[in-house]
Each structure stands twice: as C-alpha cells, then as structure tokens.
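The block underneath contains the structure these notes are about, expressed in structure tokens.
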Amino acid sequence: MKNYIQSSIILMLLSFTVVSCKDSPKYDELIHKHEFPKVLAKDDLNISILLDLSDRINPEKYPAPAMEFYQRDIGYLKTIAENFESHIMNKKLIKIDDKIQVFIDPEPSDKTLNKKLEVLKISFDKNTVTKKGILATCQKYDSISTLIYEAAIKDNHYVGSDIWRFFKNKVNDYCITDGYRNILIILTDGYIYHKDTKIKEGNRTTYLTPQDVKHYTFNKPGWKDKFDQQDFGFVTANKHLNKLEVLVLGINPDAKNPYEEDIIRTYWTKWLTEMNVSNFEIKQADLPSNIENVIRDFILNE
C-alpha cells in the first residue's frame, strides 16, 4: 500500500506539470505551451531520429524565405520531443520504459558534437523518471539540436548523409529493440547520396540526386511506366524491418521538375516496402506548425 501511495503521489505531480520549450536554464521555469493530449499510452516507445546534415541545410545554397530548412528541422525535433513527453505523461509510473535518441551518419569526427548527441540519448523507466528529467527533454532537443545544425553549417563541409548504409548496417542494432514500438524518424530532403556509398545494380542504386532524375529522363510524362518496367529504385538494404516504423520528414523536390516529388516518394515507398517496414509515412518539407499534427498522430498513434 505504501508503494502504491508513493506511486500515486508521483503520478499526480507529473500529471499537473505543464511543460514548455521556453529558453530558460531553470527547470522550474520551463512551462510547456502545449497541452498533453489524453491518449492510450500502452506501448513502450523507442524513438530514433536520423539527421541528414548534407548540403540540403545550407541556407546559402538552398535559401527558404519563409523559414530556413535547418530551422524547420529544429522545429520538427522540438515537436518530436514534446510528443515523447506527452506519451510518458499519459503512462502509469510503473509502466514507464521509453527512450529517444539521435543519430548522424557517418558518425561525426568532432568529439564535441558526439558529446552533444550523447546528451540527446534519453531514457526513462519507473526507477529513473523525474519531473526534472521530463522537463529537460524538450529543452535539450531545442537548444542542443540548434548547436548541432549551426556547427554543421559553419563547418561548411558537406559530404552527404549515408542513409542507405545506415539501413544496411546499423538500423537493426541501433533502432530496433524487442518489446518496444520502434520508430525511426528521418529528417531529409528525400535525395540520398554519400561519396563513399555509390553502388549500381542494373537500374537500382544506393543514391538519388536531382541530376540522376534528369539523367533517367524522369522529367516528362511516362516516367512512372519507365520506372516500373525497367525496375528503377534503391538497392534493397535490408529485409528484416518488420518491427520498425518510419516517418520521413522534409522532402524537398527540385522545383524545376513537376514530377520530382512523386518520383522521390515512389523511390522511398518501393524501398521501405521491400525492406518490410511495418508502417511508414513520407511528408514534404513544411513549416513546423503545419507538421505538428503529422508528428503527433504518428508518435501517439492517434
């Protein structure tokens, strides 16, 4: 009975805490602007986020007057963290066993950047969950992700993001844990390229760039028939992802080709389907406020 009372008190404290992403170093002053929706938080979440830090985030090469693309990514990350918190707030104390983490591939050689990524590796269970820890999650994902993106832009050394090899060699070990609902969220423009991963097998490749789309003459009517009949697509990297759900955010097609977005979606859809991903969605780049519901519905399974 004593343990039950203690658990109830902790739950009440958590339930009456309203959280925030305001920039403040004091945890007691962190008051969320968002409310925690009432959801059935029956799963243990294992959320992984893969950041594409290729030149797509370069504000000089790809300016976006409404909001720079790297700033949109930061907004997405904040929303992901908010919904991770919401999930925990809807669970009974004894049921809490959830985690969230961020990856960059290839791994950064900068030790300082690696330390920042380590801070974003957060887990809670019934023995470690605290009001202070929950309040810190969103603040960390806001401030530290900003530092990561600003450092990448300042470095100005874009070698691409090895998304294909991440799926081949790392996703099973890093992003899938038995007993959890495993979610991988990828922040990318939809193009895939890394200088050290260029494989071509027939019309299947480990990469896709705007130049490739143009070379394949996918910039005119009939591209889909050619895609299907000649078996274009990504080389299948993995066939054992039936315990993984994937949300792709930030698709940013070349505006010069009216078919570009459909082409990117077709590549990704074929690839994720062939890898037996259990559930996936692919969304175009938009302002974070417009993507909030997409992220919430996917994570909270509404």
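Nothing in this text is a laboratory measurement; each read-out follows from the coordinates by a stated rule. Predicted model only: the values in this text are computed from it and were never measured. All Cβ positions, glycine included, derive from the backbone under ideal geometry; neighbour counts span all protein chains shown.
Under 5 Å between amide hydrogens, which residues at least 5 positions from T206 or on another chain qualify, with H placed 1.01 Å from N in the peptide plane?
Amide H to amide H, under 5 Å and 5 or more residues apart or across chains, T206 pairs with I199, V235.
Which of the pairs K121/K239; K121/K195; K42/K78; K140/K270; K61/K115 have their Cα atoms more than 31 Å apart in this structure?
K140/K270
What list of ³J(HN,Hα) values in whole Hz, one per residue of segment 220-227 in order, does the Karplus curve 6.51 cos²θ - 1.76 cosθ + 1.60 (θ = phi - 60°) give from phi, with Gly and Pro shown as x?
8, x, x, 4, 5, 4, 5, 4
What FRET efficiency would be calculated for the residue pair K226, A64, taking the C-beta separation as r and a Förster radius of 25 Å, to the nearest 0.05?
Efficiency computed from Cβ-Cβ geometry: 0.20.
With each pseudo-label sitting 7 Å past Cα toward Cβ, what's the N169-Q211 distance in nm, one decimal?
2.4
Sequence gap at least 6, Cα distance under 8 Å: using those rules, report the relative contact order of segment 2-299 to the nearest whole percent.
RCO, segment 2-299: 20 percent.
Given only helices, namely DSSP H runs of n ≥ 4 each adding -39500 (n - 2.57), what is the per-residue ellipticity at 222 nm of the chain, to the nearest 500 deg cm²/dmol? Don't skip to the answer; put the middle values down first.
Details: 10 runs with 121 residues, N = 302.
Only helices count here, giving -12500 deg cm²/dmol.
Kindly state, to the nearest 0.05, the FRET efficiency for S123 paired with E150, given R0 = 22 Å and r defined as their beta-carbon distance.
0.25
To the nearest 0.05, what FRET efficiency results for H157 and S289 with a Förster distance of 45 Å applied to their C-beta separation? Please report the intermediate quantities before stating the final value.
On the way: r = 32 Å, r/R0 = 0.70.
Result of the calculation: an efficiency of 0.90.
Quick one: 3J(HN,Hα) in Hz for segment 241-255, Karplus 6.51/-1.76/1.60 with θ = phi - 60°, rounded, Gly and Pro as x.
Ordered by residue, 3J(HN,Hα) equals 10, 6, 9, 10, 10, 10, 10, 9, 10, x, 3, 9, x, 4, 5 Hz.
Spelling out what I want: for every residue of segment 59-73, take phi, set θ = phi - 60°, compute 6.51 cos²θ - 1.76 cosθ + 1.60 (Karplus), and round to whole Hz; glycine and proline get x.
Values per residue, Gly and Pro as x: x, 7, 7, 10, x, 9, x, 5, 5, 4, 5, 5, 5, 5, 4 Hz.
Using unit Cβ charges (K, R positive; D, E negative) and no other charged atoms, how large, in debye to the nearest 20, is the dipole of segment 2-299 about its Cα centre?
With only Lys, Arg, Asp and Glu charged at Cβ, the dipole is about 640 debye.
Once amide H atoms are built 1.01 Å from N in the peptide plane, which residues 5 or more positions from D52, or in another chain, come under 5 Å H to H?
Excluding prolines and chain starts, which carry no amide H, the hits are L187.
Counting only residues 5 or more places away or on other chains, whose amide H sits under 5 Å from the amide H of L244 once H atoms are built in the peptide plane?
Excluding prolines and chain starts, which carry no amide H, the hits are S278.
Put +1 on the Cβ of every Lys and Arg and -1 on every Asp and Glu Cβ in segment 2-299; which of Y180, C138, F84 then has its Cα farthest towards the positive end of the dipole?
Selected residue: Y180.
Which aspartates and glutamates have a Cα lying under 13 Å from the Cα of K198, excluding residues fewer than 8 positions away in the same chain?
D162, D212
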